Amino acid sequence: MSDSLKYTRRDFMKIGGAMGAAAGAAGLASRRLVAMENELGGTDFSPTTGAERQAVPYTCLACNIEDGGVAYVENGRIVKLEGNMDHPNTRGKLCAKGNSGFLHVYDPDRIMTPLLRTGKRGEGKWKRISYDEATTLLAQKLREVIDRANTDQRPEILNEIVFKWGRDRSGGAVGRFMHALGSNAMLNHTNICESSKKVGLEPSWGPDIESCDWANTKYILNFGSNVLETAYFMNPNSQRLVDGVVGNKAKLVSFDVRMSNTSGFADEAYFPYPGTDAAIALAICHVIMNEDLYDADFIRDWTNVTAEQLIEHLKPYTPEYAEDESGVPAKDIRRIAREFATTKPATTFSYRGPCKHVWGAYQEAAIHMINVITGNVEKKGGYCLPRGMGWPQPEPVPPKGKTASVIAAPPLYPLASHHVSTHAPYMIMKGEAKVSVWMSYYDNPVYTYPSSHVWKDFLTDENLVPFLVSFSPYMSETTEQADLIIPDVTYLERHDPESMPSGLYPCLSIRQPVIKPLGGTQEFRQTLIDVIRKVDPDGSLGIKQYFAFDTVEDWMKAHFDNIPGLKEDGGWNFMKKKGVWPIYGEVDKETAKIVDKNGNEVDPDYGLYTKEVSASDMEGAEVTADGTIMKDGHAIGVQVDGRNRVGFGTPSRRIELYKESYRKYGFNPLPVYKRLPSRDKQPNELVLTTYKVNVHTQSRTASLKYLAELYHKNPAWINPKTAAARGIRDGELIRVASKLGHIVTRAHVTEGIHPEVVAISTACGHSAYGRLAQLKQREKAAEYAQGGEADIDNNVWWNDKGVHPNPIIRLAVDPIGGSQGWFDTVVTVSKAQPGDNYGDVVSSIEESVNDYEETLRYAYTGDLHRANHKEVDIDWDNLPEPELHASGH
Amino acid sequence: MRIEMLNTSTSREEMGSQTDISERMAETDALAHLYRFVARVLEEEADDTLLDLIRGELRGPLEALGLHFDEEFHNTPLEALRETLAEEYTCLFVAPGCISPYASVFETGCMFKEPADRAIEAYRAAGWDYHRRMSGEFPDHIGTMLGFCGLLAEAEADALAITELERSDELRDRRERFLLDQLGSWGPGWCQRAAEAAMHPFYKTVLSLTESLLWSELSQFVDRRRLRDLAELNRREPKRLDYDADFRKASGL
């Protein structure tokens, strides 16, 4: 021992310090031990037993982005959710909503058994019945309608069977069900979502959205989208946006009336007046075209307009004009236009901000045009077509109903190809349509729609809606009104096929039960099978044949087992094991990019429209004078430079900046800016806008503890100058009043909002949806006793559930796309008046009905349509007559 | 009411005489019936058979114990009464916002958690399995748990009837352990809250009876200090925090 070296602790510290300072020593460590997180997921272990947990892939449905997930299951219970590393577009990440999704499953306020109403509608009196009894009752109600239609030989009666959904991710099951019954009366929620974006894009290039190549771009113009938090494909898009801005040094310029987190992340943020995005976009186009910064070849070869036409059309839209309308300085618009046109590649992105206005379709079309004239379409780093994959419907597939439904396809909105669901109650109240059975699935219009009080009044009226069925597993504001509830399971307990174009790698994915449906509950798909078999027990109606599935899993196999490529990989069994197909590669631990076995990035396909039409498809095809390749009466491609290209999904197979379909009904065929009534508001008035937050969906997540704790109240954002002018201080009670009525909420005074705007988020102020959403465990302690659950009892520290703004939001619909103008309501904001209490909501049904009549004046037959489209070259006296669209949309 | 029970410390040797055994057997048998009655009422909706029994054969014995159901209960047509009670049952024990009858919800705030596992383990250890009859039912339903106590008491009485004293002691121990471990900390308190929330006197009465039964049973074999602890646990309910919404900035962020 005497020979051994003697060190003091100080010596060790010195040596260690020196090693720390040595650059070459930084990487010294065991190469055997790795932190668990470095494995990037895929496996998980019980912290108590150490046993590996069962990992089951699924597709998320906390919101509509459909991220790939893996559920970890221990003792038959879901203990953790995380992203599926095999999913090429979400790359192993879930958002806060997705991570919290398993709370839906075990929510004590979940509806676990069918309930039959025993009291008055909405009174909350129920009797528990079995699934068998419930499906028998629904089948009886449906059969009564079918028998009446058959007896009277009037197939239109079948449209009295109405199915309304908010979120249908059943992969065609709902359509199959309704068409099997012979009804076309299906309504989605899209007109309160982004339908005018879709109708702004579809006639132009085919698909309803864009898929930006964020990660490889150099310049991004963001219009009215909070993509880092909430917009369509938030999780995958936000990942790739960060890849682009941070990893690829892309410049981000954001236009939003509110300082969203996306605008906060931007290099430049602008706060335009609501609904003026098109003025800015058209001014950008004006600069690009007039300064010869456009892609002449692309415009010539791939659009249906000429550069000269565009220059002429864009004449009025100078940057100075746009400044007058939007408030965004002309010099900045000019500079941004030049930067965008000269920086390659570049892309725009837009979501609800521009399109949720009257004439929102024009706004989207104007933004889309920026990409087209600069030739950024389908380029690496550019503005790309969405990529998705289809799956076959099991044969036989039922035909559509014989008669079109007036509420599914309102004749006054011939271009609104995604329904105008806001109008359904008003049309039914006016006697334009009749309902016998109304089915509600993943839908809560009593909360989520503009003038939501009208929906409550409508659905409560047994004369208008004789039988109301809800398939919701939660007691939402709408489900409370139901006569019969047949609860679905949660998304973690059921089957669905999926393919969301959430990135540039097209893929299929599945939803499968990660645990058995809790407590013997029954998935919606099985309920549909049961109902159909009871409607047509012996098959004599010809309906039963469409639901000849022995099990729900058989139904899924019929979707997946014969898809070329997937079939060879194992079909449905492959999907069950991996959750997604194809597997493009793996996520690189350093770059988070999808790489192959050699570590090389797997490049997506670009230039989809330039693919060659196959020789077999060209057989028998003809090429028209303008180069369109026609076969069997359909355009299948376009000849450009002597080559046969598949082109875009339009009649000419080119991008149709000029939309003849618009002109037919007196709308401007080219993108224009129309000044909204809200732009001419009185000086003392403000424009009310709403917005989503990153941890909530519109209405379905307020009952989740993790998320409610993060965000549960929604004070009105108001600019300091605006507040000061009204004597309002931060946190004070205020009254926000529209023509419909008023709400009493609190002010959040912040610079992060346009001075002429007041913004109130969605997701708060529930009057239903479980005890947590309503904070009932405080108001009625005994009735809502949770006993000793520490998290709920002690950590529900808030006593403010927020105030819901929808009852004062006016119905105002885009006559082109049919979208609700969420951001067109003009309000006054003042200090609360004596007697006002936080949470007060007052709204008038009569005024809402007046709004319905008013918004019809903007429809193509209305006087305000004509007054606002004098420039359109059309025979105004001979516009097409309103007609039912064949078999509905 | 009070059910007399022999102290657990009484051993087979001490029991001795046939009279003692007969007395214990009669008491255990009565207890079994009582458990089975409250279990039946709480586990699912009342049917005609149960209502006929309560309004007929059991009316006298129940009233002798001070359990009076009002004249409306006795005079309402059977079908109407059944439907009224079904509605009350659903709103009280089934529909969202109800007084959830599951130990898991009481103890963890979520359905189907570890208390459900413990319940089914106990059932299986005693030779019973669990099969739900309606969707949304779990093994830790208070009605089912009371029914299990009834089964154990019944088996205990049967064992006493054939003088299998060791087996009867084993069954008694099992019942008491189950009662203490799985119901003692929340069952009586839950009954009290449910009785307060009940709109119909029928459920108010039966829930109050159940609460008394549970306390009575627990007091037979639990010392006073532990009993006080249990009473405290059963008083648990959501706290009302002294929270001022104005003390934070109104942003909610």
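No lab work stands behind these numbers, since they all come straight from the coordinates. Everything quoted here is computed from the prediction, not taken from an experiment. We place every Cβ from the backbone using ideal geometry, glycine too, and count neighbours over all the protein chains shown.
For this structure, a couple of remarks:
- Listed residues B:His200, B:His74, B:His131, most fluctuating in chain B (Gaussian network, C-alpha, under 10 Å): B:His131
- Three-way shape label, region A:593-725, alpha-carbon gyration tensor, a/c 1.5: oblate
- Gain on full stretching of the segment that runs from A:Lys434 to A:Glu395 - 0.36 nm per residue minus C-alpha separation: 10.9 nm
- Neighbour-count order for A:Ile333, B:Ile54, fewest beta carbons within 10 angstrom listed first: B:Ile54, A:Ile333
- Each principal axis of the Cα atoms in region A:653-735 has its own extent, and those three values, largest first, are 51, 39, 18 angstrom.
- Förster-model FRET efficiency, 25 Å R0, A:Val623 and A:Arg663, C-beta, rounded to 0.05: 0.45
- If the segment from A:Asn573 to A:Lys80 were pulled out straight at 0.36 nm per residue, it would be longer than the present Cα-Cα gap by 175.2 nm.
- The per residue volume of the convex hull around the alpha-carbon atoms of region A:457-577 is 169 Å³.
- Using the Cβ-Cβ distance between A:Ala51 and B:Arg224 with R0 = 35 Å, the FRET efficiency computed as 1/(1 + (r/R0)^6) comes to roughly 0.25.
- Spin-label zone in region A:337-380 - amide nitrogen under 17 Å from a point set 7 Å from the Cα of A:Glu601 along the C-beta vector: A:344-347, A:378-380
- Relative to the longest principal axis of the Cα atoms of chain B, the long axis of helix B:187-197 lies at roughly 50 degrees.
- 13 Å beta-carbon shell around A:Arg154, net charge (K/R +1, D/E -1): -1
- Fewest-first ranking of A:His804, A:His754, A:His885, using other Cβ atoms within 10 Å as the exposure measure: A:His885, A:His754, A:His804
- Each DSSP beta bridge with both residues in the protein assembly as shown is either parallel or antiparallel, and the antiparallel ones are about 60%.
- Using a Förster distance of 51 Å, the FRET efficiency for B:Arg177-A:Leu884 (Cβ separation, nearest 0.05): 0.10
- Cα-based equivalent ellipsoid, region B:106-173: semi-axes from gyration tensor eigenvalues, Å: 28, 12, 9
- Estimated inter-spin distance, A:Ser614 and A:Met630, nm [label 7 Å along Cα→Cβ]: 2.4 nm
- With a simple spin-label model that places each label point 7 Å from the Cα along the Cα-to-Cβ direction, the separation between A:Glu312 and A:Leu710 comes to 5.3 nm.
- Partner aspartates and glutamates whose Cα lies under 14 Å from the Cα of A:Lys251, excluding those fewer than 8 positions away in the same chain, are identified as A:Asp213, A:Asp243, A:Asp267, A:Glu268, A:Glu339.
- Overall form of region A:109-257 per C-alpha gyration tensor (a/c, 1.5; a/b vs b/c): prolate
- Helix B:114-125 axis, angle to chain B major axis (alpha carbon atoms, nearest 10°): 20 degrees
- In plain terms, the chain from B:Arg59 to B:Glu79 could stretch by 5.3 nm, reckoned as 0.36 nm per residue minus the Cα-Cα distance.
- Counting DSSP beta bridges with both ends in region A:102-257, the antiparallel % (nearest 5): 30 percent
- Cα-based shape type of chain A, given that a ≥ b ≥ c are square roots of the gyration tensor eigenvalues and the cut on a/c is 1.5: rounded
- Checking the Cα-Cα distances for A:Lys379/A:Lys681; A:Lys164/A:Lys197; A:Lys93/A:Lys356 against a 31 Å cut-off, the pairs over it are A:Lys379/A:Lys681.
- Degrees separating the helix B:201-221 axis from the principal Cα axis of chain B, which is the longest one: 60 degrees
- Local net charge near A:Gln239, Cβ-Cβ under 12 Å (Lys/Arg +1, Asp/Glu -1): +2
- Exposure proxy order (Cβ contacts within 10 Å, fewest to most) of B:Thr28, A:Thr690: A:Thr690, B:Thr28
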